[in-house]
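The values are calculated or read from the model by the stated rules, or taken from the named source; none is laboratory data. Quantities reported herein were computed from a predicted structural model and do not represent experimental measurements. Here Cβ is always computed from backbone atoms with ideal geometry, including for glycine, and neighbour counts include all displayed protein chains. When the accessible area is computed, the model is the full protein with side chains, heavy atoms only, and any ligands, DNA or RNA have been set aside. Shrake-Rupley method; radii C 1.70, N 1.55, O 1.52, S 1.80 Å.
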Amino acid sequence: MRFVDEFREPELISKTAEEIRRLAGTERHYCIMEVCGGHTHAIYRFGLKDILPENIELIHGPGCPVCVLPMGRIDDGLAIAQQPEVIFAAFGDMMRVPGTQGSPLEHKARGMDVRIVYSPSDALRLARLNPGKQVMFFAIGFETTAPSTALTMMRAKAEGIRNFSVFCNHVMVIPAIRAILESPDMRLDAFIGPGHVSTVIGCRPYEWIAQNEHKPIVVSGFEPLDLLQSIVMLLRQLRNGEAKVENQYKRVVAWEGNPAALRAMAEVFQVRPYFEWRGMGSIPQSALCVNDKYGEWDAEQRFAVPGIRVTDPKGAQCGEVLKGALKPHQCKLFGRECTPERPVGALMVSSEGSCAAYHNYEHRKAAMVTSLSAIA
Ligand code: SF4
């Protein structure tokens, strides 16, 4: 298959759903975590939950980078931007993420120089255009986006652009999965592996999950048929008592990943001993920081960083939702104090956040059904 429409073909989807029902049977319950926020979004957007049998439970994982960023890091980035002549540059989905004193967008409304960029190289361009200012790029993302940050820093170094720096918040997927598997309330049977991250890291880094933890993992694409086929592949393994890594997304993901991207990351970054994840606490060796070779372009070395640590707002249950212990609508604030228009937690900000995805599709669908039945 070559075109998107083919991955949304109704007849193939219903045949695959039928195969899922046959494999799932009725004798047991299956808990499958989709690690990636892009998968969570696709599952709600395409209504896939509605065509799965009830004994297949999809648990939303921590693979949305905006969602796992603790509030303290946002406050730190904004504190840097309060210093004279600093431009705060970040992707659009960072703009509404709440810090303790408001989001970057609210700081912009109060006069801070905050700019939305579409790539790290846009931020570098800003630095070229504003030689009298310091441009700080608030870098965020898993291994998917880390290579483009690394390449931009390599270019800044090659061109000698010294008014550009990176506040690095890149995180790594494997330690997050390890933390979930070590969590005492872990109740997972299998994983749908992240598609985007795997284009960079490949499939090999997941092998320990199958070998040591005996959990099947299938790296999946993002179309409805991709996800349903991945569930079929997982159910086949579970029914056969197998645990291995499989690649459903072969049209994009190479088993060994992208060596050029991995080389760029290795050139610029090193692994942090610890990093704080929202709702998951401090996870060892789970994030990247800039190495000494690129220290001149590291915002944490260039500026005074307060190192703010804050707890989540009262009542917010982002941590439990991130670990899959609660469904989004089970959070006490969901749909009341916390909505996509006025988010309390970061899971309600990004379209990949499980709370935002649930609110935008499931919650609105339920509200529509209620109002339609009232009319009838
Ligand atoms: S509803 Fe809001 S506060 Fe509750 S878990 Fe989701 S994002 Fe966090």
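Can you confirm whether segment 247-263 contains a residue that is crowded, with 21+ Cβ neighbours inside 10 Å and within 16 Å of the ligand (Cβ to nearest atom)?
So far as segment 247-263 goes, no, none of its residues is crowded, with 21+ Cβ neighbours inside 10 Å and within 16 Å of the ligand (Cβ to nearest atom).
With respect to Ser183, determine if the residue is of a type in the set (Ser, Thr, Tyr) and surrounded by 23 or more Cβ atoms within 10 Å (Cβ to Cβ).
No; evaluated as a whole, the condition is false for this residue.
With the structure loaded, tell me whether Trp208 is open to solvent by 10 Å² or more (accessible area, probe 1.4 Å), farther than 23 Å from Met153 by Cβ, among the hydrophobic types (A, V, I, L, M, F, W, C) and touching a helix residue (DSSP H, G or I) at 6+ places or on another chain (Cβ under 9 Å) or whether it fails that test.
Considered against the rule, which asks whether it is open to solvent by 10 Å² or more (accessible area, probe 1.4 Å), farther than 23 Å from Met153 by Cβ, among the hydrophobic types (A, V, I, L, M, F, W, C) and touching a helix residue (DSSP H, G or I) at 6+ places or on another chain (Cβ under 9 Å), Trp208 comes out as yes.
If you scan segment 225-246, which residues turn out to be within 23 Å of Ile201 (Cα to Cα) and open to solvent by 30 Å² or more (accessible area, probe 1.4 Å)?
Of everything in segment 225-246, those that are within 23 Å of Ile201 (Cα to Cα) and open to solvent by 30 Å² or more (accessible area, probe 1.4 Å) turn out to be Gln229, Met233, Ala243, Lys244, Glu246.
So is Ile20 modelled with pLDDT of 95 or more, in contact with a Phe, Trp or Tyr (Cβ under 9 Å, 6 or more places away or on another chain) and outside the structural domain of Ser351 (by TED's automatic domain parsing) or not?
Answer is no for this residue.
Restrict the check to segment 291-314 and report whether at least one residue is within 12 Å of the ligand (Cβ to nearest atom) and in contact (Cβ under 8 Å) with a residue 12 or more places away in the chain.
yes
For Pro216, state whether it is in the same structural domain as Met172 (by TED's automatic domain parsing), in contact (Cβ under 8 Å) with a residue 40 or more places away in the chain and buried (at least 20 other Cβ atoms within 10 Å of the Cβ).
no
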